[in-house]
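Down below is the structure, laid out as structure tokens.
The values are calculated or read from the model by the stated rules, or taken from the named source; none is laboratory data. From a predicted model like this one, the values you see are computed outputs, not experimental measurements. Glycine also receives a Cβ, built like all others from the backbone with ideal geometry; neighbour counts cover every protein chain displayed.
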Amino acid sequence: MKKNNFSTDQTVPLDVPLDKRAHYLKNLHTLTKDTGRLFIFAGDQRVEHLNDDFYGENISLDDANPEHLFKIASMARIGGFATQLGNIARYGSHYPNIPYLVKLNSKTNLVPFSEQDPYSAAWYDVREVVAFAKSSKLNILGVGYTVYIGSKFETAMLHEAARIVLEAHRHGLVVILWMYPRGQAVTNPKNAHLIAGAVNVGASLGADFVKINEPEPVTDSGLKEIISAGGRTGILFAGGQARSLDEVLNSIYLHVNRFGAAGAALGRNIHQRSTTEAIALANAVAGIIYDGHAPETVRRLLIKE
Amino acid sequence: MKKNNFSTDQTVPLDVPLDKRAHYLKNLHTLTKDTGRLFIFAGDQRVEHLNDDFYGENISLDDANPEHLFKIASMARIGGFATQLGNIARYGSHYPNIPYLVKLNSKTNLVPFSEQDPYSAAWYDVREVVAFAKSSKLNILGVGYTVYIGSKFETAMLHEAARIVLEAHRHGLVVILWMYPRGQAVTNPKNAHLIAGAVNVGASLGADFVKINEPEPVTDSGLKEIISAGGRTGILFAGGQARSLDEVLNSIYLHVNRFGAAGAALGRNIHQRSTTEAIALANAVAGIIYDGHAPETVRRLLIKE
Amino acid sequence: MKKNNFSTDQTVPLDVPLDKRAHYLKNLHTLTKDTGRLFIFAGDQRVEHLNDDFYGENISLDDANPEHLFKIASMARIGGFATQLGNIARYGSHYPNIPYLVKLNSKTNLVPFSEQDPYSAAWYDVREVVAFAKSSKLNILGVGYTVYIGSKFETAMLHEAARIVLEAHRHGLVVILWMYPRGQAVTNPKNAHLIAGAVNVGASLGADFVKINEPEPVTDSGLKEIISAGGRTGILFAGGQARSLDEVLNSIYLHVNRFGAAGAALGRNIHQRSTTEAIALANAVAGIIYDGHAPETVRRLLIKE
Amino acid sequence: MKKNNFSTDQTVPLDVPLDKRAHYLKNLHTLTKDTGRLFIFAGDQRVEHLNDDFYGENISLDDANPEHLFKIASMARIGGFATQLGNIARYGSHYPNIPYLVKLNSKTNLVPFSEQDPYSAAWYDVREVVAFAKSSKLNILGVGYTVYIGSKFETAMLHEAARIVLEAHRHGLVVILWMYPRGQAVTNPKNAHLIAGAVNVGASLGADFVKINEPEPVTDSGLKEIISAGGRTGILFAGGQARSLDEVLNSIYLHVNRFGAAGAALGRNIHQRSTTEAIALANAVAGIIYDGHAPETVRRLLIKE
Amino acid sequence: MKKNNFSTDQTVPLDVPLDKRAHYLKNLHTLTKDTGRLFIFAGDQRVEHLNDDFYGENISLDDANPEHLFKIASMARIGGFATQLGNIARYGSHYPNIPYLVKLNSKTNLVPFSEQDPYSAAWYDVREVVAFAKSSKLNILGVGYTVYIGSKFETAMLHEAARIVLEAHRHGLVVILWMYPRGQAVTNPKNAHLIAGAVNVGASLGADFVKINEPEPVTDSGLKEIISAGGRTGILFAGGQARSLDEVLNSIYLHVNRFGAAGAALGRNIHQRSTTEAIALANAVAGIIYDGHAPETVRRLLIKE
């Protein structure tokens, strides 16, 4: 399998100061398990989607309790678990081994985009995250932040994202930017050319990885344009709405092994299952991303209760 | 009765630094009287509802004087008395024994939601509260802050709430978030699924307790979804509009003893009565919340002038 | 006459630190002439009403010159003279004996409320006022700030007012809040119940005194509700539009001696007269407020040119 | 001729600290040439009016080059040359002898008032100007700032103006406020009573001089009301649109010698002429303002190419 | 050929402190290759135009990869390469010899001007750029910032631009301002008189160079008015949309050698070609700007694959 070239010093961006390079590389190698690839377990939807993703039809009752996410994150072979700092502070002492990513901003879905373009400010400065990491002794490897390009509030988020990257790198943390075209001016957020543009913005902001949605329709030229736009910045595809196990595994394999994406970020597709099923699925995904296995190889790991 | 597990170190959130854990636990144990449950006497309506709750038909004349609240708070068996710092500064020297909670933000009800989505900024930084606590030697155990999710100004309040939690925990203070869905985008703020979402947001912000409204209608599945969403974060139900004594006591018992809520926050239901009646009612409520008594047991404490 | 209980230490709010209590009490005693009552000469209208109050029909030509206010304030028996710091800095060296109150915010009346809800930010931090007081050696006893509750910008002013009180008290200064319901959501700003609500807000913000408009109509129950809402916070009635001498004196007597208001704040009613007449009227008002005299007793002090 | 009373210490406003009084007086005496009067050469229109005032019909080609303003300012007998710091930094090393005033805020005229009320934030803090003055060794005597009263953004500009005065005085700099009623709520910005109100606001903000437009129509009572409102604050009339030489000289003489204005601020009327003509006109104006000469006396200084 | 007079100390603006003059002059001489002229390779469009300029018809596939820009910048004879700091941090260690300019603000083109006037805040403070330059040891010679005059948000950008110039000069960095009239109030952004006004604003802000669009139509009088407005501030014309090689070379020659412009800033015209062609074109442009060659002289450098 193709390996991203994270193995030498040259891959450390220059806004990481000399005395933080080792720390940055350690964080990066932990997240990528030395492969240059990354599998994020996304657990920030309790704010973004309120209780819709956690309670209802076709959702395991396990998911009604916030601790469910921590159980999965602590037992499955993920690269990083992204959630809000408040959750990490509350459950972290029981789950000290999780590789944490602090999602810095979140908003609810109550105000529709037709009423107001989205704006989501960071809840914390990176320095506060660094202080928390030090004081809690938890394994905080990086931070995440969502940018809605195309929103009328775009400039505030670009400004904040740029400073988050600079400050996080200054402290040796890895940065993932969620890059989403959104707002009344955005009529087709799944357009591949537009998503490639979103990658451009995330890369220009200095992100180590950008998380984007899969384009619709999925075409070879579209995926190629997107991955190419990333350059040395890793591309992570979001899992999106719940799909069949086969669809999930096949699409990750396509992105990563055929087109050179850096990995995936999955939330609902994992946590809406029972703890056991969720862990099994996460491990199967890890087999594709970190080991380069084919879907048919990892499918044996799955459990269907 | 069921006891919340606040008895060990592991219940202290990790954003409380090591040297403030003892202080945090002392504050928590004072508020919860070592039960893990909490009864708040809410006295911040003089701003929120102007003089509507304090003067008029069916309201004791005792309530026309702001000192009424302090008399009740100092003599009844409450967990914490939440009001604005200005009131505490003015009356605190005469009522030094009250367990105080500083309500950090407040707004009037003059601008209707149909005219403008609500926004209520904190009046003080937590550091100012900490300095006041030290200088005044009063018993300030924690802080409260209201978040209106669904408001167009939601992101400013989420940002402020997150920082308040972090800063309060940094100083060993307990945090209660008032979580209310409000604004033109919110058509049914009493919907149980939405309230569970509000709990999610408050928990993700790192609150120790979230104060919410009781859903309408009250259903078993709704209450279960809400309490479950809290996880290790305590759920407090607000008292709401004035109700009969029986209704008040029965509903608290239902929430706390049948569904595992952490407690209640009552204002009008208590302070619109004469000082004597109010203290008696508060003591009855304390009997349910802190001692696990049934309504019929505590009803003998009530006084009806 | 009834005396407010400002004579003991217990009346010092607890946000005044121990080492500033003596300074605060000295300021308070100077303003209230040891009676607990307060007579403010309000001289901030040059911004609020531009030149309307100072030049025109029925206005003495003396009032066309800004120094007129300082002449009155230096020679009449007032408690405090409230005006903008820029004026104090310009004329203060010639009028060093005046008991000054710095009015921190002001706005013009050019934009009608129907076009935009009012918002008036503080021109200075309290710390700058404290530095000015020290450097100028002037007699700065306190600060004033206007809050427009009901304005869409209310939350910004509540936030600023709360911090001004805290900071002023921290430095031993007395605080007067001008509490005015204003904005498109306020249809009846002179309603007694609403004014009582404004008092609640000012008291909750920690003001030592709140300045309000007289309700319309003036009823016993309305005045009683308002004064009662103040609690330990003093109520000052504004003078409002120019009225006859008898009306002015009678209404102050009614407020203070019959209902227990702390005093009055007069501007136009005084300064639109010639310097000699203005001083005489101010002294008559002082006789009612500070000495408890009846209007008929002080009327002999008046001069009518 | 009448002399303003700037000759004693008492004229120094009290927000100038003791150790900066000598510096303030030196700046004031340089600007006023010991007469208490002031002639400003206004050179900030390159932003305010873009290139309209500098290139076109009836404008000397000399005015197309930004250095033209500096040539005039360095050779004519002006009191102060007001322009943006960027220009001063660029040309200052070649024109070190000019008495400079830094105009702190400027906006273009592209957005019409019917589209948006004007708002113009300061480009620099006064402290940055002070640092620049020290580092450049240029002769920076004071600062200027425009306030648009009546704009919906008025409160931001009042706040900023007040702080600029305080900070400038703290460093011994003289302050001139451009006071202009503007915005959709202002239907008659040239009304004398309104301009007197603008003077009130500027004086209350603590300005040493306020620059205003001449009222329309020009009446004795209007000019008297305006000058009287200034009190100890000097009144400067703006030159406005290009006029005949006689009109310019006569109107300055009227303002200063008949009504007691402190002086004038001229821009276009001077710089749209050739360098030689412009210098001659400026010297004639200086003769009226600083020497009290009559227009017919100074007219011999003029050059008409 | 005409040389700009950058050879003596007097050309250093006075906001560059004494101890940074040598550093400023070194940066300026590197950018201008001691000619006083400047050729910028503009590489900030990945945000401004998303992926439109980098992938599609008539665009070399080389341009799909972000590293393409760095290859050109490192091998062609440019004066400065302007791009976002995030890109520089990511690729800088492989391209340490490039003369970098950090473009401080950028926005996407998703929100049309008809929906909202443009506003683009700086992503970084200049101090952060300075810290990055020091820590990365890269060759950061200056900064760039775009100002949209005529936008309803103009005042925020003027404020920010002024402070960027001051801070950059304080650290010895060269400043280029992109000056673009934009917004609903701007009906003809290519009008020469308006562009001359934009130059006025950029010069008054203290820029060393202003980058503007070529006026339409291109007339002698228009170009003369624009260049004259610059005075000692250098004028750079933007390349704009892709044009024929002859058009590109001829227009630069016209601007620089006939009218005295300081140079040009080209992006798309260069980078949409293959790496080899792009480098050849850039070298031809450098021949005109830096050596004063005629288009026919440099045309032999071109490569057409």
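Below is a table of values for the structure above.
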| item | result |
| --- | --- |
| Where A:Thr35 falls short, out of the listed (1) within 14 Å of chain B (Cβ to nearest Cβ); (2) touching a residue at least 12 places away in the same chain (Cβ under 8 Å) | (1) |
| Qualifying positions in the range C:66-96 - of a type in the set (S, T, N, Q) and closer than 14 Å to C:Ile279 by Cβ | C:Ser74 |
| Where E:Asp19 falls short, out of the listed (1) crowded, with 18+ Cβ neighbours inside 10 Å; (2) under 18 Å from E:Val165 (Cα atoms) | (1) |
| Qualifying positions in the range E:107-118 - more than 7 Å from chain A (Cβ to nearest Cβ) and within 20 Å of the chain's Cα centre (by Cα) | E:Asn109, E:Pro118 |
| Output for the range A:229-238, where each listed residue is of a type in the set (Gly, Ala, Ser) and either more than 9 Å from every other protein chain (Cβ to nearest Cβ) or surrounded by fewer than 23 Cβ atoms within 10 Å (Cβ to Cβ) (or both) | A:Gly231, A:Gly234, A:Ala238 |
| Filter result (under 17 Å from the mean Cα position of the chain (by Cα) and either farther than 26 Å from D:Glu154 by Cα or hydrophobic (A, V, I, L, M, F, W, C) (or both)) within the range D:88-106 | D:Ile88, D:Ile98, D:Pro99, D:Tyr100, D:Leu101, D:Val102, D:Leu104 |
| Test: residue in the range E:119-139 that is in contact with a Ser or Thr (Cβ under 9 Å, 6 or more places away or on another chain), surrounded by 24 or more Cβ atoms within 10 Å (Cβ to Cβ) and facing chain D (nearest Cβ under 8 Å) | no |
| In the range C:54-73, the residues that are surrounded by fewer than 23 Cβ atoms within 10 Å (Cβ to Cβ) and under 17 Å from the mean Cα position of the chain (by Cα) | C:Phe70 |
| Boolean, A:Pro189 is over 22 Å from A:Gly79 (Cβ atoms), without any contact (Cβ under 8 Å) to a residue 12 or more places away in the chain and more than 17 Å from the chain's Cα centre (by Cα) | no |
| Scope the range D:105-128; condition outside any loop (DSSP other than H, G, I, E, B) and out of contact with any helix residue (DSSP H, G or I) (no Cβ under 7 Å at 6 or more places or on another chain); matching residues | D:Asn105 |
| Enumeration of residues in the range B:146-170 that are under 20 Å from the mean Cα position of the chain (by Cα), surrounded by fewer than 24 Cβ atoms within 10 Å (Cβ to Cβ) and either on the phi > 0 side of the Ramachandran plot or not in a helix (DSSP H, G or I) (or both) | B:Thr146 |
| Count - residues of the range C:140-174 that are closer than 18 Å to C:Leu28 by Cβ and at the interface with another protein chain (Cβ under 10 Å from one of its Cβ atoms) | 5 |
| Hey, C:Leu138 in a helix (DSSP H, G or I), without any contact (Cβ under 8 Å) to a residue 60 or more places away in the chain and touching a strand residue (DSSP E or B) at 6+ places or on another chain (Cβ under 8 Å) or not | no |
| Residues within the range A:188-226 that are part of a loop (DSSP other than H, G, I, E, B) and of a type in the set (Asp, Glu), tallied | 3 |
| Qualifying residue in the range A:235-245 (condition: part of a helix (DSSP H, G or I), under 21 Å from E:Asp63 (Cα atoms) and either under 16 Å from the mean Cα position of the chain (by Cα) or not hydrophobic (A, V, I, L, M, F, W, C) (or both)) | no |
| Failed item, numbered, when D:Lys224 is tested on (1) in contact with a helix residue (DSSP H, G or I) (Cβ under 8 Å, 6 or more places away or on another chain); (2) over 17 Å from D:Leu31 (Cβ atoms); (3) not hydrophobic (A, V, I, L, M, F, W, C) | (1) |
| Flag if C:Phe54 is closer than 16 Å to C:Ala265 by Cα and either modelled with pLDDT of 95 or more or within 7 Å of another protein chain (Cβ to nearest Cβ) (or both) | no |
| Odd one out for D:Ile88 among (1) β-branched (Val, Ile, Thr); (2) within 9 Å of another protein chain (Cβ to nearest Cβ); (3) farther than 21 Å from E:Thr11 by Cβ | (3) |
| Among the residues listed as A:Ala133, A:Ala156, the single one being of a type in the set (A, V, I, L, M) and touching a strand residue (DSSP E or B) at 6+ places or on another chain (Cβ under 9 Å) | A:Ala133 |
| Qualifying residues in the range C:172-185 (those that are out of contact with any His (no Cβ under 8 Å at 6 or more places or on another chain) and over 16 Å from C:Thr146 (Cα atoms)) - the one surrounded by the fewest Cβ atoms within 10 Å (Cβ to Cβ) | C:Gln184 |
| Test: residue in the range D:90-104 that is out of contact with any strand residue (DSSP E or B) (no Cβ under 6 Å at 6 or more places or on another chain), surrounded by fewer than 21 Cβ atoms within 10 Å (Cβ to Cβ), part of a helix (DSSP H, G or I) and modelled with pLDDT of 95 or more | yes |
| Enumeration of residues in the range D:39-92 that are without any contact (Cβ under 8 Å) to a residue 40 or more places away in the chain, out of contact with any Pro (no Cβ under 7 Å at 6 or more places or on another chain) and over 23 Å from E:Gly222 (Cα atoms) | D:Phe70, D:Ala73, D:Ser74, D:Gly86, D:Tyr91 |
| Matching entry among C:Ala278, C:Ala229 (being part of a helix (DSSP H, G or I), in contact with a helix residue (DSSP H, G or I) (Cβ under 6 Å, 6 or more places away or on another chain), under 22 Å from B:Asp53 (Cα atoms) and aliphatic (A, V, I, L, M)) | C:Ala229 |
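Every residue, every condition in (1) polar (S, T, N, Q); (2) under 18 Å from E:Gly56 (Cα atoms); (3) more than 8 Å from every other protein chain (Cβ to nearest Cβ), yes or no:
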site: A:Ile176; (1), (2), (3): no, no, yes
site: A:Tyr180; (1), (2), (3): no, no, yes
site: A:Ala192; (1), (2), (3): no, yes, yes
site: A:Ser204; (1), (2), (3): yes, no, no
site: A:Ala207; (1), (2), (3): no, no, no
site: A:Val210; (1), (2), (3): no, no, yes
site: A:Glu214; (1), (2), (3): no, no, yes
site: A:Gly222; (1), (2), (3): no, yes, yes
site: A:Ile227; (1), (2), (3): no, yes, yes
